[in-house]
Amino acid sequence: MINRNPCIANIKAGYLFPEISRRRKEFAAAHPETAEHSHRIISLGVGNTTEPVLPHINAGLVEGARKLGTVEGYSGYQDEGLQSLREKISAVFYKGKFQADEIFISDGAKCDIGRLQLLFGAGVPVAVQDPSYPVYVDGSVLAGAAGAWTGTGYQGIVYLPCTAENNYFPDLSLLPEKSLFYFCSPNNPTGATATGVQLEALVKAALEKKVLIVFDAAYSEYIRDPALPKSIFDIDGAKRCAIEVNSFSKPAGFTGVRLGWTVVPKELKYSGGESVNADWARVCGTIFNGASNIAQAGGLAALDAEGLTEIRRLCDFYLGNAALIRESLEKLGISSITGGDNSPYIWARFPGRDSWDVFTEILEKCHVVTTPGSGFGPAGQSFIRFSAFGHRADVEEACARLERLKG
Ligand code: PGU
């Protein structure tokens, strides 16, 4: 048989979330009482939306499907996305500062993050916030831009610690020249949201060091503090050093519908002066055939006045869950907690403990699934991430059960 891609051999066995799901199933199999309602396992683990798509946005999806059954309304391949959706995204999220062909409609942020590294190849140095969403690092390993697991991290990845000591914003002097830097705000997993001053410093450092930022804004609609920027493109100069990925998953409950977008400004150029935008169009045209036209119809509905009100309502609901979780962790006396105010994640520290041990303790004592912080990078050790995506009654029950961790 032919040889295996050595990059795949480099990657650690399981992607974080399937591993959590495996442990959950193993626990459930060993504890038949979890089949009973009162002992059931509640997930505050993977950030997966739980609430129904709200009526106006849902009507957009239904209408999109209905049109496909008509001669006038039928559509096939749509390349980089519906022109009207691209224009609407520019108007709603970027004050119209991008042309439609700078906005590429995708089947989700994760999928674009996975494809983006095709632009830079295996030779580019990669830097991440530590901790960070695992796809940035795992995707880099698969692309050959990072090497084998060393026990504490992957060879070739520059981990920029984001801890309580630096207020969860990295020391930018550690950023390598000419690197690709994944930056996520509001952050998954820490829930920390970068300020305008911090993002200005980030853009300044990127321009000086010729770094390209991939800014992941998947949780931007959770920002409630009006002083906090929702996009890297709120910062002057960002068009020359950043790509932004975003998604309808978390604001509109489209985790299963699949719809996102990526902004690649025309000003963005490689070291040789070539257009990154033109290359991205080429890559997408070659290996991606566009997002579902039904999903795009839903996306259009999500961005009109009624849809935006529904987005606000849905995010407020999950933020309400986040507030409950945060409060119950505070009651436990956990001193280091971030997030939950402008993000759906709460990041809590259990000093001196191994993250997976705390994960197991919470699963065993409370029948609650969480995410171990060490799965997000070396600096995540001793932390647990709590996701606010859940039905209210489940979150309330989980919060009540967390009291069993006392003492
Ligand atoms: N970007 C960030 C920062 C995310 O946290 C997630 C989902 C995505 C992108 C994915 O967006 P899509 O548009 O839906 O592709 N993070 C969740 C789900 C786990 C996963 O593997 O994506 C989480 O629990 O971290």
_For the list (1) aliphatic (A, V, I, L, M); (2) open to solvent by less than 70 Å² (accessible area, probe 1.4 Å); (3) within 24 Å of residue 299 (Cβ to Cβ), I need the number of the one condition that residue 20 fails._
(3)
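Let's see how each residue does on (1) open to solvent by 50 Å² or more (accessible area, probe 1.4 Å); (2) within 26 Å of residue 314 (Cβ to Cβ):
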position: 38; (1), (2): yes, no
position: 41; (1), (2): no, yes
position: 46; (1), (2): yes, yes
position: 57; (1), (2): no, yes
position: 62; (1), (2): yes, yes
position: 72; (1), (2): yes, no
*Of all residues in the range 108-136 being open to solvent by 20 Å² or more (accessible area, probe 1.4 Å) and within 11 Å of the ligand (Cβ to nearest atom), which is nearest to residue 173 (Cα to Cα)?*
133
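Would you be able to say whether some residue in the range 237-244 is surrounded by fewer than 23 Cβ atoms within 10 Å (Cβ to Cβ), within 15 Å of the ligand (Cβ to nearest atom) and in the same structural domain as residue 104 (by TED's automatic domain parsing)? Spell out how you get there, then give the answer.
Looking only at the range 237-244, we keep the residues that are surrounded by fewer than 23 Cβ atoms within 10 Å (Cβ to Cβ), and these are 237, 239-240.
With the extra rule that they be within 15 Å of the ligand (Cβ to nearest atom), the set shrinks to none.
So far as the range 237-244 goes, no, none of its residues is surrounded by fewer than 23 Cβ atoms within 10 Å (Cβ to Cβ), within 15 Å of the ligand (Cβ to nearest atom) and in the same structural domain as residue 104 (by TED's automatic domain parsing).
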*Filter the range 333-375 down to residues that are in contact with a Ser or Thr (Cβ under 6 Å, 6 or more places away or on another chain), open to solvent by 10 Å² or more (accessible area, probe 1.4 Å), within 16 Å of the ligand (Cβ to nearest atom) and in contact (Cβ under 8 Å) with a residue 60 or more places away in the chain, then give me how many there are.*
2
_Can you tell me which of (1) among the hydroxyl-bearing types (Ser, Thr, Tyr); (2) modelled with pLDDT of 95 or more; (3) out of contact with any Gly (no Cβ under 8 Å at 6 or more places or on another chain) is the one residue 150 doesn't meet?_
(2)
_Every residue in the range 143-167 that is aromatic (Phe, Trp, Tyr) and either touching a Phe, Trp or Tyr at 6+ places or on another chain (Cβ under 7 Å) or outside the structural domain of residue 121 (by TED's automatic domain parsing) (or both), please._
none
*Is there a residue being more than 19 Å from residue 397 (Cβ to Cβ), out of contact with any Gly (no Cβ under 7 Å at 6 or more places or on another chain) and in a helix (DSSP H, G or I) anywhere in the range 358-369?*
yes
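Take the residues in the range 385-407 that are more than 13 Å from the ligand (Cβ to nearest atom) and open to solvent by less than 10 Å² (accessible area, probe 1.4 Å), then tell me which one is nearest to the chain's Cα centre (by Cα). Lay out the reasoning, then the answer.
Residues of the range 385-407 more than 13 Å from the ligand (Cβ to nearest atom): 391-407.
Those left that are additionally open to solvent by less than 10 Å² (accessible area, probe 1.4 Å): 395, 398, 401-402.
Details: 395: 21, 398: 24, 401: 28, 402: 26 Å.
Per the criteria, the residue is 395.
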*Can you name the number of the only condition in (1) modelled with pLDDT under 95; (2) outside any loop (DSSP other than H, G, I, E, B); (3) away from the ligand (no atom under 16 Å from the Cβ) that residue 77 fails?*
(2)
*Across the range 278-316, what is the total count of residues that are on the phi > 0 side of the Ramachandran plot and either β-branched (Val, Ile, Thr) or not in a loop (DSSP other than H, G, I, E, B) (or both)?*
0
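The values are calculated or read from the model by the stated rules, or taken from the named source; none is laboratory data. In this text, all values refer to a predicted model and were calculated from it rather than measured experimentally. Neighbour counts run over all protein chains shown; Cβ positions are idealised from the backbone, glycine included. Areas reflect the complete protein model, heavy atoms only, side chains present, ligands, DNA and RNA absent. Shrake-Rupley method; radii C 1.70, N 1.55, O 1.52, S 1.80 Å.
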